[in-house]
């Protein structure tokens, strides 16, 4: 397995100002990553031109992610709320393309957080309509869309690989695939192998993080079975390390993700450790 390896920007800095992007990309380069994933919750501060140049200079591929807010939720039955969500996704897609990003992923289909009720049929139709249009726009920009599978406390739309596959089929566009995250799988799936097998070549992107979002290998997750499944499936896409600590705070995302504890303080040590961990497990999966 020779997958490109990535790291979430929040390992190094909490926002996307030019100085923070410099810190993020320099840290990713030091730790020998191929991909940097930016959360687009701070779009107002993102200088797309300078970010694109830094990524090129440091030979990093950009992937962007985001969720939606209650007042801009494409799964709503309120069409004004859906329209705001569609506009936010359009803005995020344009920003992704402007920095040279190849993928926009995350909970693109609903507001982030525990839902008050199950998804309605009308809400599902709104999701499909908005994401189908977004996928057509993304295809013209050579950007893929990922449906991240998130746990029940973060969305009522997509909680398992099967849920995501069904939604991707309804959207019906070839540049829409599924994004698995072992942190969420640990909550919602029966094991780490079957979802990978189910998705096959519809798996487009992977997040790897420990069960407490700290150092890889310090918790109870069965990484070996997950990487074995990726190897058996012939997965060649990106594998990105995602970890959060109160040591690095985003003005919005840290609260959204309930990052209250200081799980690490040394970003460089965490990043290098995760890179070595991923390389080791990829090598074992192909041995």
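Read-outs throughout are calculated quantities, based only on the coordinates presented, and are distinct from any laboratory measurement. Everything numeric in this text was worked out from a predicted model, so none of it was measured. Cβ atoms come from the backbone with ideal geometry, glycine included; neighbour counts cover every protein chain shown.
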Query raised in the report: residue 121 versus residue 190, label points 7 Å from Cα toward the beta carbon: distance in nm?
Result: 2.9
**Report entry** Highest-fluctuation residue, 277, 244, 227 considered, GNM on the chain with Cα pairs under 10 Å
**Finding:** 277
Query raised in the report: Using only Cα atoms, what is the ratio of the radius of gyration of the chain to 2.2 N^0.38 Å?
Result: 0.93
**Report entry** Rel. contact order, % - alpha carbon contacts under 8 angstrom, at least six apart, the chain
**Finding:** 20
**Report entry** Label-point separation in nm, residue 83 to residue 236, each point 7 Å along Cα→Cβ
**Finding:** 4.4
**Report entry** Percent of alpha-carbon pairs separated by more than 18 Å within region 24-93
**Finding:** 47
